[in-house]
1. Count, please, the residues in region 161-190 that happen to be in a helix (DSSP H, G or I) and in contact (Cβ under 8 Å) with a residue 40 or more places away in the chain.
2. For region 1-106, which fully contained helices (runs of 4 or more DSSP H) count at least 2 residues that are more than 21 Å from residue 172 (Cα to Cα) and touching a strand residue (DSSP E or B) at 6+ places or on another chain (Cβ under 8 Å)?
3. In region 225-235, what residues are in contact with a helix residue (DSSP H, G or I) (Cβ under 9 Å, 6 or more places away or on another chain) and either crowded, with 16+ Cβ neighbours inside 10 Å or not in a loop (DSSP other than H, G, I, E, B) (or both)?
4. Working carefully through the options 45, 64, 55, 127, find the one that is out of contact with any helix residue (DSSP H, G or I) (no Cβ under 7 Å at 6 or more places or on another chain), surrounded by 13 or more Cβ atoms within 10 Å (Cβ to Cβ) and either in the same structural domain as residue 222 (by TED's automatic domain parsing) or touching a residue at least 40 places away in the same chain (Cβ under 8 Å) (or both).
5. Return only the number of the condition from (1) part of a loop (DSSP other than H, G, I, E, B); (2) under 30 Å from residue 192 (Cα atoms); (3) at pLDDT 95 or above that residue 295 does not satisfy.
6. Would you call residue 222 crowded, with 21+ Cβ neighbours inside 10 Å and either touching a strand residue (DSSP E or B) at 6+ places or on another chain (Cβ under 9 Å) or not in a loop (DSSP other than H, G, I, E, B) (or both)?
7. Given the criterion surrounded by 17 or more Cβ atoms within 10 Å (Cβ to Cβ) and assigned by TED's automatic domain parsing to the domain that holds residue 140, identify the matching residue among 117, 70, 85.
8. Of the conditions (1) under 27 Å from residue 145 (Cβ atoms); (2) surrounded by fewer than 17 Cβ atoms within 10 Å (Cβ to Cβ); (3) in contact (Cβ under 8 Å) with a residue 60 or more places away in the chain; (4) not assigned by TED's automatic domain parsing to the domain that holds residue 227, residue 200 satisfies every one except a single condition; which number is it?
């Protein structure tokens, strides 16, 4: 049996699809569906039970720990603009630590989602071994970082697997609203207005639309997680592609996938974002490639084309 928190969410539901494709159906989903469309991510997928996150720890004691093969902890509040730090720390730190202790005390494999938001501006580099020198730019990144720090401080990283996801995009992100990827937003902007809107640069070293991110397709992300898990890797791992691409590149890929003429409008960045805007992020993937040397990431262009043509344009857009 597997426990999958955030199993109805973006990455979690895609990971559930991967498990199902591998013949694994004895999965307990932990999530908070609320009134969103997130429940649609579970359509067609196989699992043995769904538990609301508020009732999870009450039910956890009823499970026989020796029947739990692994805990995949992808559940979190991932809103990078959330200002309520207490809420974020309760969700992303305290909940995670209670689950981590359970896994440690019962010798259960524990795989959890961290975030590239822990790196802040990346002034100290985006490398996994500098956990205690990082300075996140928002409460979300901080809530993820303090969990990473406690894992390392208690040497749990010797038995746990933590994944610092970079800019993941792809099917099943539709419920995320403002937190959905720019690929999804750009596709809808082109449909509605025939253009993509990007921030004007406020950094003289970057032209409009030329700040970069490490974009990774969700299909690559979940397969990479599984490969790390299956090969029994431990510690904290970055998960991007190791190749940064600009917002202009992303917009061009969207227009090409839609067979439309490129049309980008640049607009002023909101003042509240200006002091925490990242102009360069790129995962150092050397640790990952040392563990999984044969893994090949899909190009941004091919990923965007697959996402748009095989999901967003289809009547059933779910993975």
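The values are calculated or read from the model by the stated rules, or taken from the named source; none is laboratory data. Fair warning: this is a prediction, and the values are worked out from it, not measured in the lab. Glycine also receives a Cβ, built like all others from the backbone with ideal geometry; neighbour counts cover every protein chain displayed.
1. 11
2. Because the criterion is at least 2 residues that are more than 21 Å from residue 172 (Cα to Cα) and touching a strand residue (DSSP E or B) at 6+ places or on another chain (Cβ under 8 Å), the helices (runs of 4 or more DSSP H) in region 1-106 that meet it are 53-60, 95-105.
3. Correct list: 225, 226, 227, 228, 233, 234, 235.
4. Only one candidate qualifies: 127.
5. Against the list (1) part of a loop (DSSP other than H, G, I, E, B); (2) under 30 Å from residue 192 (Cα atoms); (3) at pLDDT 95 or above, residue 295 comes up short only on (2).
6. Against the criterion (crowded, with 21+ Cβ neighbours inside 10 Å and either touching a strand residue (DSSP E or B) at 6+ places or on another chain (Cβ under 9 Å) or not in a loop (DSSP other than H, G, I, E, B) (or both)), residue 222 qualifies.
7. Only one candidate passes the filter, namely 117.
8. Exception for residue 200: condition (1).
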